[in-house]
Each structure stands twice: as C-alpha cells, then as structure tokens.
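The values are calculated or read from the model by the stated rules, or taken from the named source; none is laboratory data. Because the structure is predicted, anything quoted here is derived from the model rather than measured. We place every Cβ from the backbone using ideal geometry, glycine too, and count neighbours over all the protein chains shown.
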Amino acid sequence: MTVLVSGGAGYIGSHTVRQLRSLGRNVVVLDSLDTGHAQAALDTPLVIGNIADAELVNQVCGDHKVTSVVHFAAHKAVGESMQNPAKYWRNNVDGSARFVDALLHAGVKQFVFSSSCSVYGTPAVVPVSEAAPIDPESVYAETKAMTERVLRWYGVTSGLRSVSLRYFNAAGASLDNAIGEDWTHSANLIPVVMKAAMGMAPPVQIFGTDYPTPDGTAIRDYIHVEDLANAHVLSLAYLADGGDTIALNVGTGVGSSVFDVVHATERIGGVTVPTTLAPRRAGDPVSTYSDPTLVRSTLGWTPEHSLDTIIETAWRWHSTHPNGYAT
C-alpha cells in the first residue's frame, strides 16, 4: 500500500512526501531531478527517472506495491512555456498521458494531480470558484487544463478516479526549516522579495501601484506549502473512500497585496526591502483569490497558516539556505 509521488523531490512534492511519511504511509518518489533535489526527499526511497518511461513506472509500481499516485512532475515556468511550447506539450501533457497509461497497466487507479488556478486565466469574478470558465492565458496553464481533461477521459474509459487540485500561490517552507523552496529559478513574489531583502538581488519591481485595491497593488492568495501538502493527503483519503473524480481550488480565500508581502517581510525580517515602481504588466489580474467552499466541504480541508507564518518560514529557510540545498 504505497503512494508514488512523481516530482517528490521538488518544492511542493517534498513537503507532501514528508506529511505522508509522518502519517506512517509508505512512499516512493519518482523524480528526474531536472529541477528537484535528492536532499529534499530526505530518507524516502528515490527513483531517478522520467514519468514517460513506461517500463520504469511499471517496475516501480510492482517493486513498491503502489496503489495511488500524487503527480507533481511538470515544467512550470510560464515565460519559458511561451518561448518553448514544445517542451511543455511533450512533458506536461504527453508525459502525463504516458504516465497514466503505465499506471493503469500496473492496476493503479487513484490519482491526485497538481493543477493550477492559472487554468482560469484572468477571472472575471473574485473570489474564484470552480464554476469559473477555464480560459488559460499561457502554454503552461493550457497544459494543466489539458491534463485535467485527459484525466477525466481516462476516468470515463478506464475507471481512473482523480482529484485535480488547482493551487493558488504556494509559499513558505517547512515549520522545522528542514526543507524549502530553491529560489534559483523562481520568479514567485515571495522568494524575489526575500532575495532583494537579503541583498542578493536587485530591488523588487512593483508592477502597478494604481490598481483599484486598498493600497494600489495587485492582490493574490498565498497558501502555506504545508497546508497545500495537507490537501494532497486529504485527496488521497477521499479517493480511498471511493470519491469520484473532481477538480478543487486550493487557496485560503484571503487576498494579500504586493505591499502586504513587502511590509510583512520588513517587519518579520527586520530589514528594508528595496523596491522600484513600474507600470502594470499586460495580463496581470487586479485581484485573484480562491473561493475555498468546495474543497472544505469535499475534503474537510482548512488552511492553518497565515501570511505571517508564510513569511516567517520563508525568511528562516532562505536566510539559512541562501544557495538552496547546496548550502
């Protein structure tokens, strides 16, 4: 009775693996280590390989008696996806389809998918519910939407049951500072703010200060990575209890502005965050945050951590691991 976690040496994947292990679950990680880190898997069995390698996937499932899967492995840089779309079609969509084929061949029919709120594009209404139109605005977002549809059709044709978790903005690090985010290639706001605050990057560019929000900056829904990991654990329990295929938003339902993040970092880190003001970026929504009603009623999930905890744990991690897992 083992959970296979693809991409389990990555940021969110490694936190989910830890939570599963803390609950006494048997876990095996499959990761190419293209962007993941073996150290993040800690002492969990790690198989280095690609999700599209059917022979390897079947071997892992057989050797470890895999009964369910959490699928994180994907390329995730929005900008890169627009410059090199083929890379994203091949890995995120075709690779996922090949992965599911191999899993079904091995008799595995419970599947939790790392999706994204980006499938909604720029939402017309906030908070965003699952009833919002699917309208991706990048190749990356389209690959998530397409994979959700692939999973739904595998459910129709092959009996696969899946939960697609549409994350909002994952952030923070483990509460005990054991694992966290590698900020080397991250363009996410919080690591960018941290890096600038620690003098390791140029000032943070604030794109737009004239939005119709309380402080004029854009608003997003930040969710602590351990809360997000817990949503995956609960999704596995939902499927084990016979739950049907479903897509769920995973966010706090609370919006925080760019300046909220900057000011919390200054207060918690005892520093001044250097910033420069810049015009709005095309395509950036004014405000995006989740309506978490469905995930709460379906999984019994509620977030436990606030923006302050996100900033505290991120600050502790980045200040003690400035070179990520190479530190």
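Tabulated data for the structure shown
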{"quantity": "Test: residue 16 is more than 23 Å from residue 167 (Cα to Cα), of a type in the set (S, T, N, Q) and either surrounded by 18 or more Cβ atoms within 10 Å (Cβ to Cβ) or free of Cβ contacts under 8 Å to residues at least 12 places away in the same chain (or both)", "calculated": "no"}
{"quantity": "Residue 93 vs. criteria aliphatic (A, V, I, L, M) and in a helix (DSSP H, G or I)", "calculated": "yes"}
{"quantity": "Filter result (over 25 Å from residue 15 (Cβ atoms) and among the basic types (Lys, Arg)) within segment 119-177", "calculated": "149, 152"}
{"quantity": "Failed condition for residue 231, given (1) closer than 18 Å to residue 3 by Cα; (2) among the hydrophobic types (A, V, I, L, M, F, W, C); (3) out of contact with any Phe, Trp or Tyr (no Cβ under 8 Å at 6 or more places or on another chain)", "calculated": "(3)"}
{"quantity": "Filter pass, residue 240 being at pLDDT 95 or above and of a type in the set (A, V, I, L, M)", "calculated": "yes"}
{"quantity": "For residue 36: the one exception among (1) crowded, with 19+ Cβ neighbours inside 10 Å; (2) modelled with pLDDT of 95 or more", "calculated": "(2)"}
{"quantity": "Checking residue 295 against (1) surrounded by 13 or more Cβ atoms within 10 Å (Cβ to Cβ); (2) assigned to a loop (DSSP other than H, G, I, E, B); (3) touching a strand residue (DSSP E or B) at 6+ places or on another chain (Cβ under 8 Å); (4) not polar (S, T, N, Q), the condition it does not meet", "calculated": "(2)"}
{"quantity": "Subset of segment 44-100 [of a type in the set (Val, Ile, Thr), touching a residue at least 40 places away in the same chain (Cβ under 8 Å) and more than 14 Å from residue 143 (Cα to Cα)]", "calculated": "51, 57, 60, 66, 67, 69, 70, 100"}
{"quantity": "Failed criterion for residue 228 (all others in (1) in contact with a Ser or Thr (Cβ under 6 Å, 6 or more places away or on another chain); (2) crowded, with 21+ Cβ neighbours inside 10 Å hold)", "calculated": "(1)"}
{"quantity": "Looking only at segment 46-66, and only at residues there that are part of a helix (DSSP H, G or I) and hydrophobic (A, V, I, L, M, F, W, C), the one that is surrounded by the most Cβ atoms within 10 Å (Cβ to Cβ)", "calculated": "57"}
{"quantity": "Selected residue (only one of 2, 67, 35 is within 29 Å of residue 222 (Cβ to Cβ) and not hydrophobic (A, V, I, L, M, F, W, C))", "calculated": "35"}
{"quantity": "Selection count, segment 265-292, where residues are farther than 17 Å from residue 116 by Cβ, in contact with a strand residue (DSSP E or B) (Cβ under 8 Å, 6 or more places away or on another chain) and not in a strand (DSSP E or B)", "calculated": "6"}
{"quantity": "Lone qualifier among 234, 228, 175, 239 - being under 30 Å from residue 22 (Cα atoms) and not in a helix (DSSP H, G or I)", "calculated": "175"}
{"quantity": "Residue 204, sole failed condition from (1) under 27 Å from residue 176 (Cβ atoms); (2) out of contact with any Asp or Glu (no Cβ under 9 Å at 6 or more places or on another chain); (3) surrounded by 20 or more Cβ atoms within 10 Å (Cβ to Cβ)", "calculated": "(1)"}
{"quantity": "Subset of segment 67-112 (residues that are within 25 Å of residue 182 (Cα to Cα), aromatic (Phe, Trp, Tyr) and crowded, with 19+ Cβ neighbours inside 10 Å)", "calculated": "72, 88"}
